[in-house]
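A short worksheet on the structure shown next.
Since every read-out is calculated from the coordinates, none of them should be taken as a lab result. The shown structure was predicted, so the numbers you read here are calculated from the model rather than taken from an experiment. FYI the Cβ positions are ideal-geometry reconstructions off the backbone, even for glycines, and counts take in every protein chain you see.
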Amino acid sequence: MDYLYRNFLGKMKKVFLIYAVLVVSIIGWYLTAGKGKKIINDSKATALKVSKHSRQFNESIEVVMESYYKMIDDFTKGDTVAVNKNAEKLKAFLDNLKIDELKTDSSIYETAAGIWDNTRTEIAGMITDPSLEAKRESLNLFSNELFTLLLTIHYDLAKLYWQECASAFGEDTPGNWISASEQSQNPYGKKDCVTVKKVINFVPADSKKS
């Protein structure tokens, strides 16, 4: 009987040892890997906070901005063929802008809709302009309308910079454009003529990027 009892106690000690190892392992995982994964997920949740606009509206305005930046790059290169190609795309994206999504905010909808119509008129005019210089004049008008639209709707997906070349069309005749970064090339054909005049920054505080 003593032998059986000692054998039983030996087996129980092994069982308790296994459980102890498992408990220590679980605690260790929680304090290291498990806890780390939780923090990463929480960080992602913060970064993905939604803007004040609907997903559909944001997607439609983002393709407008992407096309606009490509067109600005084409103007910088003086490539009229590429300018027309991206202007056509930009016009289509503007036509499909989910402007009706703004009807939930009646205080800005009517104003935004009117400015939206102006952007479509200006981009259509740019496409028919016969020369690069004429297209640059239309770019200035279009950029002013687009900038006003972004201000009106409180565009909150990224920080934007309102740039100016003070002598784009001669002395004391400026030309403006929008860029996604503070450093930008001049689409009006002049080097060392870039000044940040204003910044659009309606990005939610907890999702701003430096």
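In region 68-172, which GluC sites (Glu not before Pro) are in a loop and have at most 15 other Cβ atoms within 10 Å, using DSSP for the loop call? Mind dumping the intermediate values first?
Details: sites: GLU88, GLU101, GLU110, GLU122, GLU133, GLU137, GLU145, GLU164, GLU171; in loops: GLU171.
Taking region 68-172 and a limit of 15 other Cβ atoms within 10 Å, the loop GluC sites (Glu not before Pro) found are GLU171.
Using a ≥ b ≥ c from the Cα gyration tensor of region 122-186 (square roots of the eigenvalues), is it rounded, prolate or oblate, where a/c under 1.5 gives rounded and otherwise the larger of a/b and b/c decides, a/b for prolate? All intermediate terms of the calculation are to be shown ahead of the outcome.
Numbers: a/c = 2.19, a/b = 1.37, b/c = 1.60.
It comes out oblate by the Cα gyration axes.
Read phi for every residue in region 103-120 and hand back ³J(HN,Hα) as whole Hz from Karplus 6.51 cos²θ - 1.76 cosθ + 1.60, θ = phi - 60°, with x for Gly and Pro.
The phi angles translate into 4, 5, 10, 4, 5, 10, 4, 4, 5, 5, 5, x, 5, 4, 4, 5, 5, 5 Hz.
Sorted from fewest to most neighbouring beta carbons within 10 Å, what does the list ILE200, ILE153 look like?
By the 10 Å Cβ count, ascending, the order reads ILE200, ILE153.
Per residue of region 131-143, in order, report the coupling 6.51 cos²θ - 1.76 cosθ + 1.60 (Karplus, θ = phi - 60°) as ³J(HN,Hα) in whole Hz, putting x for Gly and Pro.
Ordered by residue, 3J(HN,Hα) equals 10, 4, 4, 5, 5, 5, 5, 5, 4, 4, 5, 5, 4 Hz.
Strictly over 28 Å apart at the Cα level, which of LYS98/LYS190; LYS135/LYS198; LYS52/LYS85; LYS70/LYS197; LYS89/LYS190; LYS85/LYS191 would you flag in this model? Mind showing how you got there, number by number?
Numbers: LYS98/LYS190 35 Å; LYS135/LYS198 24 Å; LYS52/LYS85 32 Å; LYS70/LYS197 21 Å; LYS89/LYS190 26 Å; LYS85/LYS191 25 Å.
Among LYS98/LYS190; LYS135/LYS198; LYS52/LYS85; LYS70/LYS197; LYS89/LYS190; LYS85/LYS191, the Cα-Cα distance tops 28 Å for LYS98/LYS190; LYS52/LYS85.
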